[in-house]
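Working notes, structure below.
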Ligand code: CMP
């Protein structure tokens, strides 16, 4: 039966498509489209997709031409078929590579470095070209010999480029550095965001993108921050060291204990609990001062400066509370001679400041000048940084606290959960319960802002209340109200473990005991 020319051309095209595996290529392309994960935005990936599409179009367009030429017995039909088949094979390799590396492996949680993906795809593509050519009846091995010479010549000319490419390859293959690592190269510190064929991109904390040629990375010293080679595969942590100076009037152990307990007593965001922050005496600066180092382990390297600041603030407040001044530079230490008058003057100023603070405290407003002055002598300044715990439920109480600025949160605390009962601010006091009843602290007090307050010795407080009945009544009244609020707190399904309830009679007895009556 004689076929019409169109049917014959169609038949020849279909035959060509069958022999060149076009269905596989088109099918793969469809699968790749449907299984693609999200929007891929990398320029290289987009370029690869364009290449895939170009090769596929070229392959499909050549099919009818090749089919017709073959059926007409044209001499160049074999070359056309070779060109079409190679385009198809390359498109197929790219498409199936994409399915494998971008859909299948990520779903199986297998991560293969980009450069390695490219190398595998390139090798398979070369093999595919050879196989395709030999199927068409063309031997390409001759090209390889000429190619080797050519590669040598090109290699010499492109030494730098190849250095970078192999640098990139080795970085990826031996995992010297990985995407996400924080590294220091020469003066640059940043996070590795991409390792490409020729260069590695590093993002600094200042939002700068530094592009470092791979050959430089393999040749120079690279410090990977916060990563430790250990069988335990520990999380990344970077040890930071901050320094400060304190003069030798204050024994090193006292300084170290004070700073360490302030840093360890409650967690600081982004600072590792283990190993815990440490304070060490680093060296003797001169006859007068010791240089101390605080070491802590930072868990988010991007937060370096902010966390340094929080840690330094903690140190500052802890030392201030312990009345340990930071050492001044030597040139100003000796400029003013410490005389008796100066000292007296300083004490007087401190006393004035305390009296002024007392005048603003509601509880003490009714005191006479003399009483206020006596009370002021029993006050010790106690500043706290935001987030610090001023007293903890269950601890022994030795002081009454009066707040002069800032806000604290009073929290019922059963050791597992905390619940806010009240907030206290400037002019208010807390800590009276333990002093009056001798019971452990009934609540945990946390600074919501930086807080300035004074601690009042139990003894001075006792003397004052014994003399001023009106004051004693106000404190007892506050105590009763606060106790009621405390007693209404019950942790879900748990009996109270801290501060057992006292009957009204017990309470009175304890308060009487406090006043010695
Ligand atoms: P004390 O038990 O010595 O230590 C914790 C302090 O928190 C407590 O004294 C009171 O001063 C204070 N406190 C306890 N409950 C309340 C409350 N409901 N409202 C305000 N302050 C409270």
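The values are calculated or read from the model by the stated rules, or taken from the named source; none is laboratory data. Fair warning: this is a prediction, and the values are worked out from it, not measured in the lab. Note that each Cβ is placed from the backbone with ideal geometry, even for glycine, and that neighbours are counted across all protein chains shown.
Within the stretch 443-459, the presence of at least one residue that is under 16 Å from residue 399 (Cα atoms), surrounded by fewer than 18 Cβ atoms within 10 Å (Cβ to Cβ), assigned by TED's automatic domain parsing to the domain that holds residue 413 and away from the ligand (no atom under 16 Å from the Cβ) is confirmed.
With respect to residue 92, is the statement that it is at pLDDT 90 or above and part of a helix (DSSP H, G or I) true? Yes: the conditions hold for residue 92.
For the stretch 180-209, the set of residues classified as crowded, with 17+ Cβ neighbours inside 10 Å and more than 17 Å from residue 163 (Cα to Cα) consists of 181, 182, 183, 185, 189, 190, 191, 192, 202, listed by residue number.
For the stretch 388-424, the tally of residues that are more than 8 Å from the ligand (Cβ to nearest atom) and out of contact with any strand residue (DSSP E or B) (no Cβ under 6 Å at 6 or more places or on another chain) stands at 8. Examine the stretch 479-499 for a residue that is surrounded by fewer than 18 Cβ atoms within 10 Å (Cβ to Cβ), more than 10 Å from the ligand (Cβ to nearest atom), modelled with pLDDT of 85 or more and assigned to a helix (DSSP H, G or I), and state whether such a residue exists. Scanning the stretch 479-499, I find at least one residue that is surrounded by fewer than 18 Cβ atoms within 10 Å (Cβ to Cβ), more than 10 Å from the ligand (Cβ to nearest atom), modelled with pLDDT of 85 or more and assigned to a helix (DSSP H, G or I), so the answer is yes. So is residue 438 farther than 21 Å from residue 322 by Cβ, within 11 Å of the ligand (Cβ to nearest atom) and surrounded by fewer than 19 Cβ atoms within 10 Å (Cβ to Cβ) or not? Against the criterion (farther than 21 Å from residue 322 by Cβ, within 11 Å of the ligand (Cβ to nearest atom) and surrounded by fewer than 19 Cβ atoms within 10 Å (Cβ to Cβ)), residue 438 qualifies. Being in a loop (DSSP other than H, G, I, E, B), out of contact with any strand residue (DSSP E or B) (no Cβ under 8 Å at 6 or more places or on another chain) and modelled with pLDDT under 85 is the requirement here; does residue 215 meet it? For residue 215, the condition - in a loop (DSSP other than H, G, I, E, B), out of contact with any strand residue (DSSP E or B) (no Cβ under 8 Å at 6 or more places or on another chain) and modelled with pLDDT under 85 - is not met. For the stretch 228-237, indicate whether the set of residues that are at pLDDT 90 or above and at negative phi is non-empty. No, the stretch 228-237 contains no residue that is at pLDDT 90 or above and at negative phi.
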